[in-house]
Amino acid sequence: MSAMTYDKAMEQFDPVFGIEVHVELNTKTKMFCGCANEFGAEPNTQVCPVCLGLPGSMPVVNDKAVESAIRLGLSLGCSIRESSRFARKNYFYPDLAKDYQISQYDEPTCFEGSLDVVLDDGEVFTIGIERAHMEEDAGKNTHVGGTGGIQGASHSLVDYNRGGVPLVEIVTHPITGAGARTAEVARAYVATIRDIVKALGISDGRMEQGSVRADVNLSLRPKAVAGEDQNAVPFGKRSETKNVNSLRAIERAIHFEATRQADLLLAGEPVVQETRHWHEDTGSTTSGRSKEQAEDYRYFPEPDLLPVEPSREWVEELRGTIPEHPAKMRARLKEEWAFSDTDMRDAVNADALDLIAASVAAGAKPQAARKWWMGELARTANDRGVTLRDLPVTPQDVAQLQGLVDEGKINDKLARQALEGVLAGEGSPAEVVESRGLAVVSDDSALEAAVDEALAAQPDVLAKIQDGKVQAAGAIVGAVMKATRGQADAGRVREIILQRAGVEG
Amino acid sequence: MTDWTRASAAHMVAALKSGEVTSVELTQAHLDRIAAVDGAVHAFLHVDAEGALATARDVDAARAAGEELPELAGVPIAVKDILVTQGMPTTAGSKILEGWEPQYDATVTRKLREARMPILGKTNMDEFAMGSSTEHSGYGPTHNPWDLDRIPGGSGGGSAASLAAFEAPLAIGSDTGGSIRQPASVTATVGVKPTYGGVSRYGAIALASSLDQLGPCARTVEDAALLHEVMGGHDPMDATSLDEPVPSCVDAARQGREGDLSGVRIGVIKELSGEGYQAGVERRFHEGLDKLKALGAEVVEVSCPSFQYALAAYYLILPSEASSNLAKFDSVRFGMRVEKGTVERTMAATRAEGFGDEVKRRIILGTYALSAGYYDAYYGSAQKVRTLIQRDFAAAFEQCDVLVSPTTPTTPFKLGERLDDPLAMYLNDVATIPANLAGIPGMSLPSGLADEDGLPAGFQILAPAHEDARMYRIGAALEKELAKDWGGPLAAQAPELEVSK
């Protein structure tokens, strides 16, 4: 086993990396036909002659996908080509129904942009974007028998439901200058893309379902010696690690590849330019096919489709729909909401930012919204093993719940019970409060009677209070709360006790 | 008793309307004719007697009930096997699709069904429309009804022969470099390649997507016009389909028959004559020009210098697109499968066995032309030639309304004569290919029989894009004048076929 580590590799080499991110668009229909674009249906139920590539069938471009691609391109600061073409990428594979993929080649719709990504410590790193182009996804192969891989399988099954699903592929320029922060920058870049596509509403951004997938290219070159410009040092041979499909895996894959390549280079062995497979379980990569034997895809313009020619007016109209950059939005919200660094980071990591924002928009105070989403609701989601947005509670519910607390209709304890009811599907917070009879007892005469009863039961307390030990009132408050099954307003109860004792609070 | 197989589609329409004949009678007459002569002609790969008669019965019942029916309702039709037909085998002339029954209808198939035309069956063709003789069909050649030892043209030889043998009054063809017009020329029938995008390609098995166009085949210009209007029109399933009204072909044909062509300027393409053109073919062509002049047209000579590169450009673009279009025949989802253990070996073995030589030749050519490092020199240069040819046409159409030439340099050659000489075979399409490269419409109609062999020659009319109607007007005018000399349609002069009992 080598003693090489990522940190040591970074001390001796300068990493250069690039990332290709595939974003599955959430259009209602597929890229070139009218089939439903939905995840999780029975195999081969969302197919038609077009996406099955039956003889005679022809593609038609989904305008909504073009719109999504342009909006994404604009969000990445790209120029939008006045006329761009689809091209055929020819290769044989059973999951590719036509044995060519319709993609874009020399004329991508979106090209030359840049994206700022913000690291955890606030450092901003600018990533150059080469292009963002449209293409269709392939079907999905399942290898039966053996270890589940293609080698040793007795046969393979193909599900074409995913075939023809619209994708946008975002390709970066080679990224230099990140040094030891390469893994962090890569992760932040993919996270930013994910945040952008969610903010645009063009993809659900779910990496665990493959809605956002990354291929990571990495090479190492010697560190510049004193007086030498690092940018003058030629790039090393790169590997391309395919299908790295979580933020954590991006960091791990870069750690692994940097370490592996550093080992090879120090041993005087060449790094082979190749694609590599990522193994989530072991956190390692293994060799795929070598790029030297790479296929010749014989690209040529897709003759079944006309060029994509968005009018300038339309592009400008779409530019007006581009949401704020996620990092800028975060900085602004942090300021507006007066969140601490920790509050903000936790909310981001829990993917709760837009839920909190929506709750605030519905009238909740930011801290209160954060408290509910990051507290009670985060615990419930965790217990149920789902994400926050899978819970049957809306930002409007949270705002309403907090409103009921602020109005004094319920207290925190009752609010938790109300939320429990909402999560159980009993209706909105107001409906649960009504149906479960959770309202705070605010009728003074009822409270006074309960206070008197409690004082009578604990006659020594009154004297203690009158002696100045005001905290002794707590025992009476507790008794009253118990007697009213938590529905009393504790503050008001305390006031009544002090009144009875003839002490001002 | 009328032999309805000899009637024009327009005559059938009138007779159906007047009640003189029923669709079942028409359909049965053609089915009987197919049974009698197709053993010798082999125009059909599949005959759907039951389906055709069922449609005919429905139409007759609807007519009896007083329903309003489409113009061609009840007129039977033959369909080139390149068009997918749900529930009816579709092979594109290839063994690799033997037994495949499409799960869907092509747009044109659907239009024929909506027009309530009984579909007699599917016609023979060169495999995937690659050829000029039907000799490259995976199912054996079609024979020219004018001389059974000769080619009926290709790739649509089956459709043309079915018309010349009176097995069908109308047929569907597809034209990538002349596959409608050249068979029409050598069988003394009429064939039209519409403007690119004028007829939906959805459901037509693609050969070269940027060149392919479906079109009507008939025995008269007016019949072709009737069918053209049924086939044409915008289709949201074909992104290259033109979003504009179907040209008024029938009106134009009827106007042409009135015989006045004064003010019409006709350009003779200088490059499409001379060396390689049979004397008898040229003689009939020039007689045709004289007829047009007599009707008042002005005839001028025009030059299209880039046409000399058309064949070379065509044989780069077509194989390139075809190599990609034919990749889907991989044994995974439909058609032939030759099991060989692994998916790669199965794909390779299936394609080795399922494709014929000409298809393999063009796939190899196209794969090479698109390869990295060769793309610019081959595919890229061919696209530039295409632009030059479009410019030649644009310049020529500034001087005249339509352009004309012989459709093919020769009358039909003998089966087997050019099978081992692909270049000689390819030269047969030298006059038809430029229209495909430019996307403009073209028509072939009979110009007569060549003196030296008594075999049919064709007259080609080309019009600017979207101006399909012009060809119908001029074609119908010429057809009427020629028929005066012939004492009726030329097709009627075809030798009687021996009828099998």
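The figures follow:
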item: Residues within the range A:89-110 that are more than 9 Å from chain B (Cβ to nearest Cβ) and of a type in the set (Phe, Trp, Tyr), tallied; result: 1
item: Residue count for the range A:54-70, restricted to those that are surrounded by fewer than 22 Cβ atoms within 10 Å (Cβ to Cβ), in contact (Cβ under 8 Å) with a residue 60 or more places away in the chain and of a type outside the set (A, V, I, L, M); result: 1
item: Criterion: more than 30 Å from B:Ala348 (Cα to Cα), within 14 Å of another protein chain (Cβ to nearest Cβ) and part of a loop (DSSP other than H, G, I, E, B) - qualifying residue of A:Gly34, A:Gly56; result: A:Gly34
item: Search result, residues across the range A:42-53 that are away from chain B (no Cβ under 14 Å) and surrounded by 14 or more Cβ atoms within 10 Å (Cβ to Cβ); result: A:Gln46
item: Hits in the range B:346-385 (condition: away from chain A (no Cβ under 11 Å) and among the aromatic types (Phe, Trp, Tyr)); result: B:Phe355
item: Residue count for the range B:125-135, restricted to those that are in contact with a Ser or Thr (Cβ under 6 Å, 6 or more places away or on another chain) and more than 14 Å from every other protein chain (Cβ to nearest Cβ); result: 3
item: Residue within the range B:215-236 that is within 14 Å of chain A (Cβ to nearest Cβ) and of a type in the set (Asp, Glu) present; result: yes
item: Per-region count, the range B:87-107, residues closer than 11 Å to B:Gly335 by Cβ, in contact with a helix residue (DSSP H, G or I) (Cβ under 6 Å, 6 or more places away or on another chain) and crowded, with 24+ Cβ neighbours inside 10 Å; result: 4
item: Every residue from the range B:197-207 that is buried (at least 24 other Cβ atoms within 10 Å of the Cβ) and either under 14 Å from B:Ala435 (Cβ atoms) or within 8 Å of chain A (Cβ to nearest Cβ) (or both); result: B:Gly198, B:Arg201, B:Tyr202, B:Gly203, B:Ala204, B:Ile205, B:Ala206
item: Residue in the range B:213-220 that is in a helix (DSSP H, G or I) and under 23 Å from B:Leu482 (Cα atoms) present; result: no
item: Yes/no for B:Leu272 being of a type outside the set (Asp, Glu), part of a loop (DSSP other than H, G, I, E, B), touching a residue at least 60 places away in the same chain (Cβ under 8 Å) and touching a strand residue (DSSP E or B) at 6+ places or on another chain (Cβ under 6 Å); result: yes
item: Residue match in the range B:283-304 (condition: assigned to a helix (DSSP H, G or I) and either among the β-branched types (Val, Ile, Thr) or within 14 Å of chain A (Cβ to nearest Cβ) (or both)); result: no
item: All strands (runs of 3 or more DSSP E) inside the range A:85-190 with 3 or more residues being surrounded by 19 or more Cβ atoms within 10 Å (Cβ to Cβ); result: A:87-90, A:100-103, A:110-118, A:124-136, A:166-172
item: Answer from B:Glu101, B:Glu167, B:Glu135 - the residue that is of a type in the set (Asp, Glu) and within 12 Å of B:Ile77 (Cα to Cα); result: B:Glu167
item: Residue in the range A:69-84 that is farthest from the other protein chains (Cβ to nearest Cβ), counting only those that are assigned to a loop (DSSP other than H, G, I, E, B) and of a type in the set (Gly, Ala, Ser); result: A:Gly77
item: Matching option when the condition is in the same structural domain as A:Arg81 (by TED's automatic domain parsing) and either surrounded by 16 or more Cβ atoms within 10 Å (Cβ to Cβ) or touching an Asp or Glu at 6+ places or on another chain (Cβ under 6 Å) (or both), among A:Glu228, A:Glu251, A:Glu269, A:Glu295; result: A:Glu251
item: Candidate set: the range B:316-334, residues that are more than 8 Å from chain A (Cβ to nearest Cβ) and out of contact with any Lys or Arg (no Cβ under 8 Å at 6 or more places or on another chain); chosen: the one nearest to A:Ser154 (Cα to Cα); result: B:Leu326
item: A:Ala132 within 14 Å of another protein chain (Cβ to nearest Cβ) and either closer than 28 Å to B:Ser324 by Cβ or touching a Leu at 6+ places or on another chain (Cβ under 7 Å) (or both); result: no
item: The range B:237-270, residues that are within 28 Å of B:Ala310 (Cα to Cα), away from every other protein chain (no Cβ under 14 Å) and more than 20 Å from the chain's Cα centre (by Cα); result: B:Val264, B:Arg265, B:Ile266, B:Gly267, B:Val268, B:Ile269, B:Lys270
item: Qualifying positions in the range B:371-404 - over 30 Å from B:Glu287 (Cβ atoms) and aliphatic (A, V, I, L, M); result: B:Ala372, B:Ala377, B:Ala382, B:Val385, B:Leu388
item: Some residue of the range B:75-86 being surrounded by fewer than 21 Cβ atoms within 10 Å (Cβ to Cβ), in contact with a helix residue (DSSP H, G or I) (Cβ under 8 Å, 6 or more places away or on another chain) and closer than 28 Å to B:Arg351 by Cβ; result: yes
item: Any hit, the range A:424-444, residues being basic (Lys, Arg) and touching a residue at least 40 places away in the same chain (Cβ under 8 Å); result: no
item: Residue in the range B:73-80 that is closer than 23 Å to B:Ala7 by Cβ, out of contact with any strand residue (DSSP E or B) (no Cβ under 9 Å at 6 or more places or on another chain), of a type outside the set (Lys, Arg) and assigned to a loop (DSSP other than H, G, I, E, B) present; result: yes
item: Residue in the range A:342-352 that is under 22 Å from the mean Cα position of the chain (by Cα), of a type in the set (A, V, I, L, M, F, W, C) and in a loop (DSSP other than H, G, I, E, B) present; result: yes
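Conditions tested, residue by residue: (1) within 14 Å of another protein chain (Cβ to nearest Cβ); (2) touching a strand residue (DSSP E or B) at 6+ places or on another chain (Cβ under 7 Å); (3) hydrophobic (A, V, I, L, M, F, W, C).
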residue: B:Ile82; (1), (2), (3): yes, yes, yes
residue: B:Ile96; (1), (2), (3): yes, no, yes
residue: B:Gln103; (1), (2), (3): yes, no, no
residue: B:Arg116; (1), (2), (3): no, no, no
residue: B:Thr123; (1), (2), (3): no, yes, no
residue: B:Ser137; (1), (2), (3): no, no, no
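The values are calculated or read from the model by the stated rules, or taken from the named source; none is laboratory data. In this text, all values refer to a predicted model and were calculated from it rather than measured experimentally. Heads up, the Cβs are rebuilt from the backbone with ideal geometry, glycines too, and the neighbour counts pull from every protein chain shown.
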